[in-house]
Every structure is written in structure tokens, then in C-alpha cells.
Amino acid sequence: MTQILLVADDPGFRDRLRLALERLELTGEEVSFLEAVNGNDALVLAESHLPDLVVADVSVTPYGGFGLTRDLKADPDTACPVILILDRFQDEWLGRWSGADALVNRPVDPFALAQVASRLLAEDDEERHGEATLEGASS
């Protein structure tokens, strides 16, 4: 089962993100969601549940989606793929600097978001299974 952490202070926006990402179930992938209203809650959830993907609004408090992404990527246990939802194109360089795996601009196209999430999850799964195969082959 794929677990996705949604991070946004607006409950309506989190609902729209969840609806868009529920499309992944159409591909046969079972999906569950965790939700956080700020970066601090998101870090606690990420550390305790180790989600497969994080989708975060860039404007979450207290230190924004950029800081949240940096903190998630700094810890090997929470370094899963991160999609940042940006308010404007000027934020792209900060998104890349923070280590985000994908950047999506507002307004969010639900089909595009689901495609990006699907691609990142597949790449991450391939990377993890590839490492397991290499480790198993060496013994």
C-alpha cells in the first residue's frame, strides 16, 4: 500500500490534492493518506509513518515547504520523493535548491499531479527494489 502525506494549511486544498491523487488507485495501486496542517506536524508524521510520497504546499508554516523538504531529505529515514506545490514560477529555483523531486505550479492540474506522483513512486520503487536485488546478489 502506498502512503502519501499531504501538507497544506487549507483543508479544502488538501481535499483537492487527495481527490487528484486517489486517481492512482485506478492503476491498481492502493493508496492511503496522512494529512498535516504545518511543517512541524508533517515532520512528526513523516518520522513516525515513513510515507512513500510527500505533497506539500510551499506556503505551509512555520518555515515553508522549502524548509520542510530540506529537513525531510536530510534524514535518510524520511527522504522520500517530495512534490512541492508552488504559488508562482519564481519559486522554482528555491524548490530545486530544497531538494524537491517535482514542482507543480498553481492552479494544480489534478491529472498532471497524479501523473507526476505515479512517476515518482515508480522511480522510487524501482530504486529500492534495485538496491535490494544488488544486496541479495552479493551474498
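The values are calculated or read from the model by the stated rules, or taken from the named source; none is laboratory data. Computed from a prediction, not measured in an experiment: that's the story for all the values here. Cβ atoms come from the backbone with ideal geometry, glycine included; neighbour counts cover every protein chain shown. Protein only, heavy atoms only, side chains kept; ligands, DNA and RNA dropped before computing areas. Shrake-Rupley method; radii C 1.70, N 1.55, O 1.52, S 1.80 Å.
Taking segment 1-41, which residues are among the small types (Gly, Ala, Ser) and touching a Ser or Thr at 6+ places or on another chain (Cβ under 7 Å)?
39
Would you confirm whether or not segment 2-22 contains a residue that is surrounded by 22 or more Cβ atoms within 10 Å (Cβ to Cβ) and over 26 Å from residue 126 (Cβ atoms)?
yes
What's the total number of residues in segment 37-46 that are open to solvent by 30 Å² or more (accessible area, probe 1.4 Å) and closer than 24 Å to residue 105 by Cβ?
Total satisfying the criteria: 2.
Inspect segment 29-36 for any residue being over 19 Å from residue 125 (Cβ atoms) and either modelled with pLDDT of 95 or more or open to solvent by 50 Å² or more (accessible area, probe 1.4 Å) (or both) and give the result as yes or no.
Among the residues of segment 29-36, at least one is over 19 Å from residue 125 (Cβ atoms) and either modelled with pLDDT of 95 or more or open to solvent by 50 Å² or more (accessible area, probe 1.4 Å) (or both), which makes the answer yes.
Can you report the number of residues in segment 85-104 which are part of a helix (DSSP H, G or I) and open to solvent by 40 Å² or more (accessible area, probe 1.4 Å)?
7
Conditions tested, residue by residue: (1) part of a strand (DSSP E or B); (2) out of contact with any helix residue (DSSP H, G or I) (no Cβ under 9 Å at 6 or more places or on another chain); (3) open to solvent by less than 30 Å² (accessible area, probe 1.4 Å); (4) free of Cβ contacts under 8 Å to residues at least 12 places away in the same chain.
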site	(1), (2), (3), (4)
48	no, yes, no, yes
59	no, no, no, no
69	no, no, yes, no
77	no, no, no, no
